[in-house]
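Notes follow the structure.
The values are calculated or read from the model by the stated rules, or taken from the named source; none is laboratory data. Everything quoted here is computed from the prediction, not taken from an experiment. Methodologically, a virtual Cβ is constructed for each residue, glycine included, from the backbone with ideal geometry; neighbour enumeration extends over all protein chains shown. Please note that ligands, DNA and RNA were not included when accessible areas were found on the heavy atoms of the full protein model with its side chains. Shrake-Rupley method; radii C 1.70, N 1.55, O 1.52, S 1.80 Å.
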Amino acid sequence: MHRAGAGLTPEFPSPIERLDSIDIITEEAAVQMPGAQTTRVTPLVQEGDLIAKGAAVACLRHAPDICLVAPIAGRVAQISVIPGRRLSEIVLFREDQGGIQRHGTVSSESPAALRRLMQAAGVWPWIRRRPFGGMPAPNEAPAAIVVMAADTRPYAPSPMQALEGREEAFARGLAALGQISRGPVFVCWPRGMPAMQLPTTIPDVRWISCGSRHPQASPGIRIHRDIPAGLDTPVWDMHAEDVAALGDLLETGELPMQRRIRISGAGLREGRSLRTHPGADLRQLTQHIVASGPHILMSGGHLDGRAARWLGQRHRQVTVLPRTAQQQRRHWLIHALTKSATLRPVIPTAALTQSFGAVLPAPALIRALGAGDSEAAMALGALSLLEDDVALADYVLGAGGEIMLQLRSLLDHIQAEYAG
Amino acid sequence: MKQGLWNRETVALMTFAALLPLGTFWLWFEGTDMLVRLFMTLLVIAVWQLIFMLARAQSPSFSCLVTALAIAMLAPEELGVFGLTFGISFGVVMGELVFGGWGRNVVNPATVALAFLGFGFPAAPWPVAEVPVAWAAIPAAILGTTLGVMPAALVMTTVLLGAVAASTGILAEPIVQAAGIVLVLLVADPVTSAATTLGRCLHGALYVALVTLFGLGWSGAAPFQIAVAAALLSSLAAPSFDELAMKLWVHHRRRRHGRT
């Protein structure tokens, strides 16, 4: 009980997993903005160009230092930009003769050079900032950086497993993050595991142990508990595997793209753990393991996933669900008896408190979100939270995504109002 | 997308399930006459829910089962059909439905209905709790707190302070029994009780304090009358307890982190 800590263990059906770890580089891949962000970009390549793995394919219009890079070597097949020069996706066809992009390694003494390297090599989209989410601004100095070496989402791949044998690279990455951060670097690791023996001691790294129940290792919940994000005190979070990749980049000048992911869900014949790259083609990854019948491919986990064709920039889970048939139109009286136009009120129960890891007064926060009361929500710590962190509460309450939408619109409102 | 089960209707049904031991013992000892009263209460509430569904598109809720059980168990006897219907209608409409249905109400509709009946028909005798029925409140409280639909902090504070008050002899035994039944039926309602841990402890403490005060000073009052009055007053104070607890929480976080 004490070891598992507060939280819940939601269960989802998924077939047994075959225990092999294979590396897959998909024949097609796409470069997208992280999350659901749409930002103005300047494409740096043209359709038909042959590009190296890790080469920049686009940069942000208002921050040209920040590049989006190709996860595989290949030929640019299509650049889709939606109105307003916002990037939809850049599709690449794999061609291995494209080679690999190398960057000059920087001396670890200069934070400015380190930032430039991280932005040019494509590490930046793997960082998420709070409040409001998305990539940080190019010269933003965070009040703290939280590195997630634990993941309690159902069917999430174990970050500790991904770090095995990469301790040196991880330590190098942590040291680099320590230079960028104004404050400490927190590392969240699963309780019960021995603390990692880092080859070098890094100042200002603090270890936080997380229980095994969700949302113990949800970044927003940890940030809310230990170092709340504020309007002028942004907090970044980064996955431990990406930190190890950053360490490799600093050593070799080449950013490793492969990451450990896990495919699960009721629409599969068997689960799979494998290593692939961001922007991988989900159809190819699931080709031989989906069950027959219509299904939905989702990038992300059971709680926070969204239907997608490509693996998201920060996602490490693929979820396949059977597509259920559209419901018949029912009689209006039945509809009125079972559904209301507005979201039904949330009843404060122990399940609601636990779905926020018992770190905050959950009923008050849910009420503030429902009423759109930005001041109360900010006082309760909504600035530390993003949609992923309330995904469990949304699921537990059966709100069907409504609470995530409420949080997003409230954050957008706060951003326009206070941080304009 | 799959969904979790803790929506409003499941919580209402779980609360009702937790109260089933109490309801079963009550029907067992009071006889089947009470079944008629229970169904009549349920019918009146259902009609009002239907009216509000058609007039204001408010979906009805299974919480009517809990409300009906509480009113049927605790309402004064010999009211007649008109009096009972009138009281239930007032409580359910003014206590719950005008606020937007169960989950948006600020006072428990059953508490409002019972208080209204108590003040409106002072001559009607209040029921007397049978001892086994009072004992059945214990499994109801255990079930409710285990399922998480009754606030555990409130129930535990009330039980602890109530035990202290009863053991020192300032609370008479019939009042303790009535207060226990009212605790699970009315006070430990997840919606109208306080929502923070500290607020819940204070809410429970105020309930025990009011029951003790009324038990000592309100001569001629029936045990259930005392407990219902204490439940009403303490639930009116619950939002201020929550406010206080939130202020303390925010203050504590400001001191610790410099921000919230």
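Details
- Filtered residues of region B:235-258 (kept if touching a His at 6+ places or on another chain (Cβ under 6 Å) and not aliphatic (A, V, I, L, M)): B:F241
Residue-by-condition table, conditions (1) modelled with pLDDT under 90; (2) open to solvent by less than 10 Å² (accessible area, probe 1.4 Å); (3) within 23 Å of the chain's Cα centre (by Cα):
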position	(1), (2), (3)
A:E167	yes, no, yes
A:G173	no, yes, yes
A:V185	no, yes, yes
A:A195	yes, no, no
A:P199	yes, no, no
A:I202	yes, no, no
A:V205	yes, no, yes
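- Test: A:G48 is surrounded by 20 or more Cβ atoms within 10 Å (Cβ to Cβ), more than 23 Å from the chain's Cα centre (by Cα) and farther than 19 Å from A:W124 by Cβ: no
- Residue check for B:A209: modelled with pLDDT under 95 and either open to solvent by 10 Å² or more (accessible area, probe 1.4 Å) or not in a helix (DSSP H, G or I) (or both): no
- Candidates B:F25, B:F29 - the one that is of a type in the set (F, W, Y), away from chain A (no Cβ under 14 Å) and open to solvent by 80 Å² or more (accessible area, probe 1.4 Å): B:F29
- Search result, residues across region A:131-143 that are aliphatic (A, V, I, L, M) and buried (at least 23 other Cβ atoms within 10 Å of the Cβ): A:M135
- Yes/no for B:A129 being away from chain A (no Cβ under 14 Å) and either crowded, with 19+ Cβ neighbours inside 10 Å or out of contact with any Asp or Glu (no Cβ under 8 Å at 6 or more places or on another chain) (or both): yes
- Check on B:M150, open to solvent by less than 10 Å² (accessible area, probe 1.4 Å), within 14 Å of chain A (Cβ to nearest Cβ) and of a type in the set (A, V, I, L, M): yes
- Condition check for B:G199: in contact with an Asp or Glu (Cβ under 6 Å, 6 or more places away or on another chain) and either in a helix (DSSP H, G or I) or open to solvent by 20 Å² or more (accessible area, probe 1.4 Å) (or both): yes
- Of the helices (runs of 4 or more DSSP H) lying entirely inside region A:326-420, those carrying at least 2 residues that are at pLDDT below 90 and within 19 Å of B:T10 (Cβ to Cβ) are A:332-338.
Okay, residues lined up against (1) within 23 Å of A:T338 (Cα to Cα); (2) within 14 Å of another protein chain (Cβ to nearest Cβ); (3) modelled with pLDDT under 90; (4) in contact with a helix residue (DSSP H, G or I) (Cβ under 8 Å, 6 or more places away or on another chain):
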residue: B:A12; (1), (2), (3), (4): yes, yes, no, yes
residue: B:L19; (1), (2), (3), (4): no, no, no, yes
residue: B:Q58; (1), (2), (3), (4): yes, yes, yes, yes
residue: B:E77; (1), (2), (3), (4): no, no, yes, no
residue: B:F82; (1), (2), (3), (4): no, no, no, no
residue: B:T85; (1), (2), (3), (4): no, no, no, yes
residue: B:V98; (1), (2), (3), (4): yes, no, no, no
residue: B:L117; (1), (2), (3), (4): no, no, no, yes
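- Filter result for the condition that a residue is outside any loop (DSSP other than H, G, I, E, B) and open to solvent by 10 Å² or more (accessible area, probe 1.4 Å), over A:Q119, A:Q97: A:Q97
- Output for region A:264-278, where each listed residue is within 18 Å of A:R323 (Cα to Cα) and of a type in the set (A, V, I, L, M): A:A266, A:L268
- Lone qualifier among A:I347, A:I289 - being under 27 Å from B:R56 (Cα atoms) and open to solvent by less than 70 Å² (accessible area, probe 1.4 Å): A:I347
- Top-ranked residue of region A:1-20 - restricted to ones that are open to solvent by less than 70 Å² (accessible area, probe 1.4 Å) and away from chain B (no Cβ under 14 Å), ranked as modelled with the highest pLDDT: A:P15
- Test: residue in region A:238-248 that is in contact (Cβ under 8 Å) with a residue 24 or more places away in the chain and either within 17 Å of A:G305 (Cβ to Cβ) or of a type in the set (K, R) (or both): yes
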